[in-house]
Amino acid sequence: MSGVTVAVVGSSGIASQLGKRGTQSDLTLFDSTHDGHHTTVVEPSQFPEKFVPLLSALAMADRCVLVVETLTRPVAETIATVELFELPTTIVAGAAVGTEELDRALRGSRLESASRLPLDVPKLRETIEAWRVGPVPGPVAVPLDHVFPVKGVGTVALGVVRSGTLRSHEQLRLWPTDKIVEIRSIQVHDVDVREAQTGERVGVALKGVEVDQVERGQVLADAGSLHAGTDLTGVNLAPCRYYKGDWGTGSRMSVAIGLQNVPVVIDERSGAGVRITTDRPVVYRTGQPAYLFDLNAGGGPRIVARAELAVA
């Protein structure tokens, strides 16, 4: 089996035509299976009222489909946010959007050279079904996006294997906590399996932890394979060119690291670097992108900048 996760952003209603509705929260997931290959489509169903669902959908995904039917303010904010994410992106243009108009909106961004398709749902479905994720070597890492209790089973968490191989009955750390949990069982699209590979979406029954001790953004990984802390250093800073606020030392905003979204204080901003302090421990890997955002932004996009995390 194989799997891929695709964020469909920019227009609501398209994702629902690409699979069967599954998990629903601030995100809505749609699933489909074709020739043993599983596709999970993620829609940020509470965006634009809430900004975090857009960040979470992009963080969960292997690839992005940016649907542009009209150039509204929420679409402009989506474009600015997708631009900072380094996801392979396909732009789907609606009939009401002219080529020149779309060219102007994307000019100077990495999306200017992104592949484009006309809005044709059957063709889009066929395109997505052909996408694959290659194996990512190294220790296993599974960021968790949902958790719930199951009678007779206990704590069950959902996530996507981002690297390595997840195996049943192995013991992993629940980062950024110090808690060690056992993988009691694994399901891939409701089928019991003994192991899961990169790209596969899994449901895992966990032993040694209660439901209220698990939250979105935590990562199942080997002890010693990741970092955790509150004092973070970012390099290769890439500010959003459309953000209108002033930010520097002492500024308070938020940061998205994987599926974690926490308040931060900017301790220092200098050239292409930034130092921040989060209000609680977060888990990260060296080189992982962190996205600063401002929920109180007045006009313009709420995304502020991207930086790569380095170990101090």
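The values are calculated or read from the model by the stated rules, or taken from the named source; none is laboratory data. The structure presented is a predicted model; accordingly, all values stated were derived computationally and were not measured. Note: ideal-geometry Cβ built from the backbone for every residue, glycine included; neighbour counts use all protein chains shown.
Scanning the range 80-118 for residues that are more than 22 Å from Ala238 (Cα to Cα) and basic (Lys, Arg) gives a single hit, Arg116. Considered as a group, the residues in the range 152-166 that are touching a residue at least 12 places away in the same chain (Cβ under 8 Å) and more than 12 Å from Thr198 (Cα to Cα) include one that is surrounded by the most Cβ atoms within 10 Å (Cβ to Cβ), and that residue is Ala157.
Residues in the range 77-96 that are modelled with pLDDT under 95 and either farther than 27 Å from Thr5 by Cα or part of a helix (DSSP H, G or I) (or both): Ala96 only. Only residues that are touching an Asp or Glu at 6+ places or on another chain (Cβ under 7 Å), aliphatic (A, V, I, L, M) and within 22 Å of Met60 (Cα to Cα) were counted across the range 100-133, and they come to 2. Checking Thr286, Thr198 one by one, the residue that is of a type in the set (S, T, N, Q), surrounded by 21 or more Cβ atoms within 10 Å (Cβ to Cβ) and under 17 Å from Gly164 (Cβ atoms) is Thr198 and no other.
Quick check on the range 239-262. Is at least one of its residues out of contact with any Gly (no Cβ under 6 Å at 6 or more places or on another chain), assigned to a loop (DSSP other than H, G, I, E, B) and aliphatic (A, V, I, L, M)? No - not one qualifying residue is present in the range 239-262.
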